[in-house]
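Structure first, commentary second.
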Amino acid sequence: MNAFLGEAITEGEALRDLLDCYSSEGGAALGAVGRLFRDGGYRRLAFAGMGSSYCAPFAVLDQLIGNGILATAQTAHRLAQSRAALVTADTMVVAISKSGATREVLDLVDGATVGTRTVALVNQPESTLEGRCAVVVPLRAGSETQIASKSYLCTLAVLNLMATELAGAQRQAVFGPMRKIAQWACEYLANATQNSEPLVAAMGGATHVDLLASGASVSTAYKSALVLREVPRVMAAAIDCADYAHGWVKAIHPGYVAIVLAPDYEAIAARAVDQVLGRGGRVILLTGSAVAQRDGLIVHRHPPVAERLALLPQAVICDAMIGAMADRMPR
């Protein structure tokens with residue numbers, strides 16, 4: 001078993017342990033985030049990170065905006081470069097870094113002006129980032145030596161808990177569903193190679209992979225495209241499902257695979273699937289809906305959950321598949 005898969009198969013346990021922590025003593029950190037936001041008179045949130053830490057906040061932007069909190073997610077480099085325009089007096093910054101040492105993130109929070117209004121989401125205890133921020137929310141993913149797997153899943157969970165706190169909703173509204181996802185993930189990953197076999201077979205001979213998603217699911221699409229490039233070294237990209245018909249489809253060819261992330265299989269996803277199949281490509285559909293398989297279409301179901309939580313089972317499935325693909329690569 002390769003090192004990436006060896007860490008990925010513990011994602012369910014990491015999520016379960018994180019939820020145990022934040023349902024007890026860890027909940028104080030969430031409360032501190034809420035107090036900083038309210039007492040500071042902030043109305044906006046600016047999320048910043050690099051790699052998977054950049055895309056993870058896509059998971060909660062719609063929820064926050066729907067509750068009257070203007071929110072954006074930028075690369076830490078972009079936010080630092082446009083600090084005067086994007087980090088206004090009523091903006092609280094959430095800086096995300098697994099290591100707590102990402103250069104672009106540290107550049108962003110350098111200086112008292114930003115640091116005093118910044119929440120750090122970090123996995124490495126006693127990191128440089130911790131010392132420069134007003135509130136620290138640990139990701140508690142444990143040791144991770146490979147590209148983000150456990151830490152991405154834990155980031156998604158913490159972001160959902162934080163968004164719930166800021167929206168003034170009951171934490172149990174997300175604790176309950178996420179505990180069920182953690183249990184499902186433990187069971188799924190206990191047989192990761194076997195469960196991934198149909199997906200790995202569908203990826204056989206792939207020359208290019210696009211991950212298509214809308215809304216919150218764009219987060220896992222972006223992260224999984226990155227991991228496909230880094231682990232099995234497959235050319236991959238993430239594309240918004242609604243935008244896919246506007247020119248992207250013209251490069252479909254035999255050997256092309258689209259992975260469609262659609263928690264609810266609606267018209268926009270169905271259109272993309274038909275476009276890929278109609279041009280001779282293959283499709284892997286990850287969904288919580290009941291969808292019939294057909295020639296060229298592999299349907300892989302995950303638990304039906306709210307869109308902002310569907311990213312967690314999506315990430316589990318994609319990481320297991322990518323790890324199983326890497327196991328077949330020459331060493």
When residues of segment 134-150 are limited to those that are buried (at least 23 other Cβ atoms within 10 Å of the Cβ) and of a type outside the set (S, T, N, Q), the one nearest to CYS55 (Cα to Cα): ALA148
Whichever residue in segment 95-131 is closer than 23 Å to GLY31 by Cβ and hydroxyl-bearing (Ser, Thr, Tyr) and, among such residues, is surrounded by the most Cβ atoms within 10 Å (Cβ to Cβ): SER97
3 or more residues touching a residue at least 12 places away in the same chain (Cβ under 8 Å), of a type outside the set (Val, Ile, Thr) and over 23 Å from ARG171 (Cβ atoms): qualifying helices (runs of 4 or more DSSP H) within segment 24-129: 52-55, 76-81, 103-109
GLU144 under 28 Å from LEU309 (Cβ atoms) and not hydroxyl-bearing (Ser, Thr, Tyr): yes
Tally of residues being of a type outside the set (Gly, Ala, Ser) and crowded, with 23+ Cβ neighbours inside 10 Å across segment 210-231: 7
Test result for LEU153, assigned by TED's automatic domain parsing to the domain that holds GLN314, surrounded by 17 or more Cβ atoms within 10 Å (Cβ to Cβ), modelled with pLDDT of 95 or more and over 26 Å from GLY40 (Cα atoms): no
Members of segment 147-170 that are part of a helix (DSSP H, G or I), more than 22 Å from SER99 (Cα to Cα) and of a type outside the set (S, T, N, Q): ALA163, GLU165, LEU166
Verdict on ALA206 being under 23 Å from PRO254 (Cβ atoms), outside the structural domain of GLY27 (by TED's automatic domain parsing), out of contact with any Ser or Thr (no Cβ under 6 Å at 6 or more places or on another chain) and modelled with pLDDT of 95 or more: no
Search result, residues across segment 243-291 that are farther than 21 Å from VAL305 by Cα and within 19 Å of the chain's Cα centre (by Cα): ALA258
Residues located in segment 172-193, provided they are under 18 Å from GLY6 (Cβ atoms) and modelled with pLDDT under 95: THR193
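Okay, residues lined up against (1) under 21 Å from the mean Cα position of the chain (by Cα); (2) over 22 Å from ARG140 (Cα atoms):
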| position | (1), (2) |
| --- | --- |
| ALA32 | no, no |
| PHE37 | no, yes |
| GLY68 | no, yes |
| HIS77 | yes, yes |
| ALA80 | no, yes |
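The values are calculated or read from the model by the stated rules, or taken from the named source; none is laboratory data. Please read these numbers as outputs of a predicted model, since none were measured by experiment. In this analysis, Cβ positions are derived from the backbone assuming ideal geometry, glycine residues included, and neighbour counts consider all displayed protein chains.
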